[in-house]
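J.: Submitted below is the structure of interest, expressed as structure tokens.
The values are calculated or read from the model by the stated rules, or taken from the named source; none is laboratory data. Worth saying up front: this structure is predicted, and the values here are computed from it rather than measured. Using ideal geometry, Cβ is built from the backbone for each residue, glycine included, and neighbour counts are taken over all protein chains shown. Ligands, DNA and RNA are excluded from the accessible area calculation, which covers all protein heavy atoms including side chains. Shrake-Rupley method; radii C 1.70, N 1.55, O 1.52, S 1.80 Å.
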Amino acid sequence: MQQLSSRLTSTQVAYIQAQEGLDDLGFNLGGNWDYKSGSLDRALDKEHKVWLRLPFEVERGELDAEAEKTDAIIRFGQPYVLRHEYEEGLDQDAQPRTLGGFFDQFAAPSNPDAAIDESWIGEARRILEQAEKRFSN
């Protein structure tokens with residue numbers, strides 16, 4: 001993981017404004033969100049192993065990504081770049097899900113904090129600069 005300094009850090013904005021303002025840059029709500037925190041993530045590579053992450057905390061309201069509207073006001077944390085290394089093939093430790101009998105067949109990252117090539121850091125900074133322009137006061 002490589003943290004990036006950013007003017008977005010500590011910026012407060014409506015979640016809807018953040019989501020709509022960053023959508024065309026390829027950011028989506030990360031899968032690890034809950035009602036009080038989350039991140040807007042953007043893959044930097046085609047394999048979806050290198051990511052630019054904009055973490056946030058919910059300051060007011062509740063985040064509900066499945067609702068049509070949300071009143072959540074978020075405060076961005078410090079952005080960072082992360083890279084996952086995956087083992088090829090199926091996850092041997094997959095567990096059946098309670099409902100539906102499905103198996104989670106996708107492998108967990110073998111190294112969720114792998115080294116990041118400097119070219120990806122540069123690409124992340126370029127995209128982060130575009131994101132910052134969307135919310136400059």
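J.: How big is the accessible area of Arg53 in square angstrom, nearest 10, if you roll a 1.4 angstrom probe over the protein chains?
T.: 40
J.: Straight-line reach only, C-alpha to C-alpha below 22 angstrom: list the lysines that Lys69 could link to, leaving out same-chain residues fewer than 8 apart.
T.: List returned: Lys36.
J.: Spin-label point model (7 Å from Cα, Cβ direction): what's the Asp23 to Arg125 distance in nm?
T.: Rounded to a tenth, the inter-label distance reads 3.1 nm.
J.: Note down the accessible area of Glu129, probe 1.4 Å, to the nearest 10 Å².
T.: Its accessible surface works out to 100 Å², give or take rounding.
J.: On the full set of protein chains, 1.4 Å probe, figure out the accessible area of Asp24 and give it in Å² to the nearest 10.
T.: The accessible area of Asp24 comes to roughly 110 Å².
J.: Among the lysines, select those whose C-alpha is under 29 Å from the C-alpha of Lys46, and discard any that sit fewer than 8 residues away in the same chain.
T.: Output for Lys46: Lys133.
J.: How far apart, in nanometres, would the label points at Glu118 and Glu132 be if each is projected 7 angstrom from Cα along the Cα-to-Cβ direction?
T.: Those two pseudo-labels are separated by 2.0 nm.
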